[in-house]
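Novice: Below is a structure I'd like to ask you about.
Taken together, the values in this text are just the output of simple stated rules run on the coordinates, not laboratory data. Every value quoted in this text rests on a predicted model; they were computed, and no experiment measured them. In this analysis, Cβ positions are derived from the backbone assuming ideal geometry, glycine residues included, and neighbour counts consider all displayed protein chains.
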Amino acid sequence: MERRKYILISLIFLFFWVGVILFFGTRNPEESSNQSYFVYNVIKSI
C-alpha cells in the first residue's frame with residue numbers, strides 16, 4: 001500500500017511539472033522575459 005501511495009504522488013507531481021513546463025513554454029517572448037526577471041529577483045533576494 002505504501003508503494004502505491006508513493007507512485008501516485010510521483011505521478012501527480014510529474015503531471016503537474018509537465019503542465020508547468022507547457023504553460024511557460026506557450027508564453028510570448030516579452031512576457032517570458034518579465035517572468036524570468038521576476039523569478040531571478042526572488043531567488044537573488046533569498
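Novice: How large is the helix-only mean residue ellipticity at 222 nm for the chain, computed as the sum of -39500 (n - 2.57) over DSSP H runs with n ≥ 4, divided by its residue count, in deg cm²/dmol to the nearest 500?
Specialist: That calculation yields -31000 deg cm²/dmol at 222 nm.
Novice: Helix 29-45 versus the longest principal axis of the chain: what is the Cα-based angle in degrees, 0 to 90, to the nearest 10?
Specialist: 80
Novice: Could you give the radius of gyration (one decimal) and Dmax (whole number) of the Cα atoms in the stretch 1-45, in Å?
Specialist: Both quantities, over Cα of the stretch 1-45: 15.5, 47 Å.
Novice: Right, something else. Mind putting a number on the dipole of the stretch 1-45 about its Cα centre? Charges go on the C-beta only, +1 for Lys and Arg and -1 for Asp and Glu, and I need it in Debye to the nearest 20.
Specialist: Dipole magnitude for the stretch 1-45 comes out near 280 debye.
Novice: Additional query: With everything on Cα atoms, drop me the angle between helix 2-25 and the longest principal axis of the chain, reported from 0 to 90° to the nearest 10.
Specialist: Its long axis makes an angle of about 20 degrees.
Novice: Continuing with the same structure: Just subtract the alpha-carbon distance of residue 8 and residue 32 from 0.36 nm times their residue separation and send over the number in nm, one decimal.
Specialist: Working it through step by step, the gained length comes to 5.5 nm.
Novice: Can you tell which of 38, 28, 18 lies farthest toward the positive end of the dipole of the stretch 1-45, using +1 and -1 charges on the Cβ of basic and acidic side chains (Lys, Arg; Asp, Glu)?
Specialist: Among 38, 28, 18, the one farthest towards the positive end of the dipole of the stretch 1-45 is 18.
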